[in-house]
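Okay, structure first, notes after.
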Amino acid sequence: MTPAILIHLAAFCALPLALFGQSVPAEETKILARIRTPQFSGREFSIADFGGVEGQDCTSALTDAIAACHRAGGGRVVVPAGTWLTGAIHLLSNVNLHLAEGSILRFSPESAKYLPVVLTRFEGIECLNYSPLIYAFKQENVAITGTGTLDGSASAETWWAWNDKSKEEPTRQAADRKQLEEQGAAGTPVMERVYGEGHFLRPNFIQPYRCKNVLIEGVTIINSPMWEIHPVLCSNVTVRGVTVRSLGTNNDGCDPESCRDVLIEGCIFQTGDDCLAIKSGRNNDGRRIGVPCENVVVRHCTMKDGHGGVTIGSEVSGGVRNVFVSGCTMESPHLDRAFRFKSNAVRGGVIDNIHIRDVKIGHVARAVLSVEFDYEEGANGPYKPMLRGVRIENVTSESSGKVAIISSFPGAVIEGVHVKNCTFRGVEGADVLRQAGALSFENVTIEPAKEKK
């Protein structure tokens, strides 16, 4: 990232949130005070100096440069301008993978490039599977920065074909997904849940796993096999100024899972699934690990295409708490919902203390607020989900199918959802409230859509 851009971003992020609306809640201020971006040595290691050649496979050059940088005590591994080809990249402590202006790091669509298998989570269940395209395991002070592009090379002919739902037949990943779910339910040891070669569970794009002090800043991410940015069991995570454009199946933009102290700011999401999805493990596997996702701040982001702008779920078996969303903009005829909560009686989980304020919504297709406790398995399980302590303030929308769709079942808990000082215009239909629990409105204006002539 150029110095001018760094100065601009630093100045933007230092602005008090009071300038954008209400003052910052004390709890949010404490979270932000704990989050610190990792610092790196000024040493630079260009992949061109380790045998990397533009337009050719540079996996070995990247691996060698990262190892040398790590041995030297840290610094930047630089991808120069141009197009560079690679397979899996594994980051090490104190290494900043930096994409220079004009650089494209293009990942191979060949699944063999992501072997051997690594410990990962697939949709909230631990297993050994293909390596994420960029992976780090139990590392500290790792980063991906710059103004270049990360291209996952996924398409309808490659990774996305593994979950192609356009045909009236089971997808290629269906049998593996079902087997992994059964292994999680049965408590099969994780080291025996081996996938990878011969299987069809797609890897995520960027996944730091059990890492501390993570920074992802400035880059553009396109064509991901599946979820784009997926920190798992990490602490002190910053995702800043990132642009995501990836419209494939299950292409979530950013999914912090079972993480603590997370800041996501100034990002643009145009995705094939939820723009932002906060998670904490799925079913018995999520309860086995038992780590919530907590202390998450999301501010000044733009959500475009996607199933949900800010989503919590559906893998929330470990719980989610203390989430603060502010100053965001949502606008697209292909954005289904602004705020989405989803779980069921198999996943369960407690979602608590969620604050949403100062959000401007243009058009959302289905609803501003959606609570789906009947998601997939619905009421068919013993673990009743709970949603409580949700405050939505100073939100405006210009067009939506409905203001709220809340669909739950007896035994699940929805309480303390409070909507205040909001205006919802262009509402096309009446709300759908099934087993909605306690939902209150204060100083809320709802204007129906004008009849079309």
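Where a number appears in this text, it was derived from the coordinates with a stated rule and is not lab data. Here the structure is a predicted model, which means the values were calculated and not measured. Positions of Cβ are backbone-derived with ideal geometry, glycine not excepted, and every protein chain shown enters the neighbour counts.
Remarks
- Net charge, residue 51 excluded, C-beta distance under 11 Å - Lys, Arg +1, Asp, Glu -1: -3
- MRE, 222 nm, helices only [DSSP H, n ≥ 4, -39500 (n - 2.57), over the chain, to nearest 500]: -3500 deg cm²/dmol
- Cross-link partners for residue 450 among the aspartates and glutamates, with Cα-Cα distance under 16 Å and sequence neighbours closer than 8 places in the same chain left out: 398, 428.
- Considering only beta bridges that DSSP places wholly inside the stretch 21-140, some 25 percent are antiparallel.
- Reach of residue 165 by Cα under 17 Å, taken over lysines that are not fewer than 8 positions away in the same chain: 178
- Mean Cα-pair separation over length for the chain, i.e. relative contact order, pairs under 8 Å, 6 or more apart, %: 9 percent
- Semi-axis lengths (Å, descending) of the ellipsoid that matches the C-alpha gyration tensor of the stretch 355-453: 26, 16, 10
- For the stretch 141-230, the equivalent ellipsoid derived from the alpha-carbon gyration tensor has semi-axes of 28, 21, 9 Å in decreasing order.
- Residues with amide H under 5 Å from that of residue 406, placed H, sequence gap 5 or more: 371, 432, 433, 434
- Percent of beta bridges antiparallel (DSSP, the chain, rounded to nearest 5): 5 percent
- Per residue, the convex hull around the alpha carbon atoms of the chain comes to 146 Å³.
- Note on the stretch 397-453: with charges restricted to the Cβ of Lys and Arg (+1) and Asp and Glu (-1), its dipole about the Cα centre is near 200 debye.
- Rounded to the nearest 20, the Cβ-based charge dipole of the chain about its Cα centre (Lys and Arg +1, Asp and Glu -1) stands at 840 debye.
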